[in-house]
Amino acid sequence: MKKFEYKDKKDTRSGFGAGLYELGKTNENVVALCADLTGSLKMNQFADEFPDRFIQCGISEANMIGTAAGLTIGGKIPFAGTFANFASGRVYDQIRQSVAYSDKNVKICASHAGITLGEDGATHQIMEDIGLMKMLPGMVVINPCDYNQTKAATIAIGKHEGPVYLRFGRPKVPNFTPEDQKFEIGKALLLNEGSDVSIFATGHLVWKAIEAAEILEQKGISCEIINIHTIKPLDADAVLKSVSKTKAVVTAEEHMMNGGLGDSIAQLLSRKLPTPIEMVAVDDKFGESGKPEDLLAKYGIDTKDIVSAVEQVLKRK
Amino acid sequence: MSDLNKLKSTASQVRRDIVRMVHAQNSGHPGGSLGCTDFLTALYFDIMNHNPDFDMDGKDQDLFFLSNGHLSALWYSVLARSGYFKTEELATFRTLDSRLQGHPTTKEGLPGVRVASGSLGQGLSVACGSAITKKLNRDSGLVFTLHGDGELQEGQIWEAAMFAAQHKIDNLIATVDYNGQQIDGPVNDIISLGNLRAKWESFGWKVLEMNGNDMEDVVKIINQAKTLTGKGMPIVILMKTEMGMGVDFMMGSHKWHGVAPNDKELKNALSQLEETIGDF
């Protein structure tokens with residue numbers, strides 16, 4: 001198996017902040033909005049450097065989404081940031097009507113997604129947002145895996161015309177993807193070639209998938225690892241190509257099983273290439289307060305869970 | 001100088017369009033549409049600087065957002081009569097494959113529409129965003145909106161109201177259709193708006209009042225509002241209207257909010273509205 005290394009751990013939200021600042025320097029049409037969480041979303045550098053193009057919305061997320069939609073009329077490219085819970089569930093109808101149905105070039109930037117938000121607990125830990133957003137016609141849904149990839153994704157969506165939901169997180173996680181990577185929306189990344197099982201992972205769970213594959217290698221199991229940073233549009237060709245070789249699938253995500261990445265892959269495979277599949281995701285539960293790593297373990301979305309899911313699916317092959 | 005007689009005559013034709021469109025599909029919202037006809041006619045035929053050769057960005061033009069999207073029949077008629085699209089297309093209102101959806105949308109590419117509306121309370125936020133973009137682009141165009149009074153029960157309106165004052169969005173003129181009616185009955189019996197003028201003033205807005213069914217007053221007050229732009233405050237006009245204005249049996253009640261006239265009622269309504277430009 002290929003060796004994966006990292007120099008440091010960094011939070012994906014800082015990757016977003018860095019990417020946004022880069023965009024601000026290169027494209028004067030890029031504007032940023034925030035609902036009283038500028039520091040948490042690492043938008044300070046953009047706000048300090050480009051005060052005319054930074055719009056403080058206060059604790060009014062519905063208004064922030066509508067304002068972002070309006071800003072596009074006349075050519076601005078708004079990046080509207082807040083916690084994922086307030087960037088999706090709280091403002092679903094605003095996104096649905098004023099952004100998605102109206103086909104506005106709005107970038108919804110959703111931080112602190114998933115259970116690794118940690119101690120604040122279930123009120124803030126949204127694990128339904130991928131499902132909510134992917135159901136909207138035309139919405140692109142992206143969940144990058146580390147700092148470098150989030151920075152690259154932020155820059156890439158600035159060049160994409162149309163609504164995007166960019167999902168990232170709070171904790172520091174291994175920063176292992178290349179600093180100079182090109183981010184192609186909708187293109188799955190083959191991280192490791194393998195023959196026994198395909199592991200499709202997104203977001204923070206990509207590194208967990210790598211850890212799981214290393215453990216499984218010791219047991220003589222060869223894992224193909226694919227980073228699905230873009231959940232919608234799903235790279236169907238990459239999924240089908242891998243699965244036609246391995247004939248067994250595990251999906252891994254920091255999200256509810258209903259509506260998540262696993263659900264998208266199962267939908268594709270059941271129609272095109274029925275294959276045994278196991279899903280590492282949260283099974284119809286709200287989260288709770290705790291340390292991110294402890295929560296991943298308790299809610300069954302950790303390295304060990306990917307290992308057992310692989311072992312399970314191989315029995316069904 | 002505004003040609004008031006021409007505006008009144010245009011408004012009469014628009015009112016005919018509304019009742020005919022709603023009757024044709026036995027579906028739509030005639031009450032509020034008839035009440036706001038004078039306002040929207042004045043806006044498009046006299047007040048706004050706009051180009052019927054539509055482009056989404058509307059650079060250097062005045063923009064209009066219909067936040068209470070259920071007045072779609074009114075807006076479609078005014079857009080068609082202004083030259084945004086052929087008046088024949090009004091016959092497709094609310095039918096399959098039409099660009100004239102039940103509530104306005106950009107999806108079907110109808111010229112004149114810049115954002116979807118229908119789910120209430122969102123238009124003021126969108127207008128704020130487009131007004132900020134105009135400022136960033138050093139574009140001197142103004143942004144106009146229309147809201148229902150019942151719509152003001154939506155919390156997002158007040159989020160936007162605070163936001164507009166905070167950011168000194170002074171190239172924005174919002175208008176409230178203050179007809180006192182909503183679907184379930186009089187606004188005061190549902191959730192009263194209380195002292196609406198004081199509410200807006202306390203939110204940091206400049207407030208004007210006008211009689212929305214008196215063309216002379218409409219033109220005068222909107223022009224007055226224009227002179228108040230650029231002074232650091234957003235502007236709202238509380239526009240008193242009568243729901244169903246122009247058709248006697250539709251006036252004075254919330255009952256014609258979303259009900260279409262039958263054949264006999266259509267005939268009666270049309271007998272009260274002069275055909276001035278020619279029916280579609």
Has the stretch B:109-116 got any residue that is surrounded by fewer than 22 Cβ atoms within 10 Å (Cβ to Cβ) and farther than 30 Å from B:GLN25 by Cα? no
B:ARG94 under 16 Å from the mean Cα position of the chain (by Cα), in a loop (DSSP other than H, G, I, E, B) and of a type in the set (Lys, Arg): no
Before we move on, is B:GLY69 touching a residue at least 24 places away in the same chain (Cβ under 8 Å) and within 13 Å of chain A (Cβ to nearest Cβ)? yes
Scan the stretch B:24-36 and report the pairs whose first residue is touching a residue at least 12 places away in the same chain (Cβ under 8 Å) and within 24 Å of B:GLU88 (Cβ to Cβ) and whose second residue is surrounded by fewer than 24 Cβ atoms within 10 Å (Cβ to Cβ) and basic (Lys, Arg), with Cβ atoms within less than 6 Å and a gap of 6+ or a chain change. B:GLN25/B:ARG94; B:SER27/B:ARG94
Checking A:GLY169 against (1) in a loop (DSSP other than H, G, I, E, B); (2) surrounded by fewer than 24 Cβ atoms within 10 Å (Cβ to Cβ); (3) not hydroxyl-bearing (Ser, Thr, Tyr), the condition it does not meet: (2)
What pairs come out if I take residues in the stretch B:213-228 that are farther than 19 Å from B:MET243 by Cα and modelled with pLDDT of 95 or more and pair them with residues that are of a type in the set (Asp, Glu) and assigned to a helix (DSSP H, G or I) whose C-beta lies under 7 Å away, six or more apart or interchain? B:VAL219/B:ASP46
Output for the stretch A:87-102, where each listed residue is crowded, with 24+ Cβ neighbours inside 10 Å and more than 10 Å from every other protein chain (Cβ to nearest Cβ): A:ALA87, A:SER88, A:ILE95
Only strands (runs of 3 or more DSSP E) wholly contained in the stretch B:109-226 count here; list those with 3 or more residues that are away from chain A (no Cβ under 14 Å). B:172-178, B:206-211
Test A:ASP103 against the criterion of being of a type outside the set (A, V, I, L, M, F, W, C) and closer than 19 Å to B:ALA164 by Cα, and give yes or no. no
Checking A:GLY121 against (1) surrounded by 24 or more Cβ atoms within 10 Å (Cβ to Cβ); (2) more than 14 Å from chain B (Cβ to nearest Cβ); (3) part of a loop (DSSP other than H, G, I, E, B); (4) not acidic (Asp, Glu), which test does it fail? (1)
Please verify whether A:LEU71 is within 10 Å of another protein chain (Cβ to nearest Cβ), among the hydrophobic types (A, V, I, L, M, F, W, C) and surrounded by 23 or more Cβ atoms within 10 Å (Cβ to Cβ), treating the condition exactly as stated. yes
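The values are calculated or read from the model by the stated rules, or taken from the named source; none is laboratory data. Because the structure is predicted, anything quoted here is derived from the model rather than measured. All Cβ positions, glycine included, derive from the backbone under ideal geometry; neighbour counts span all protein chains shown.
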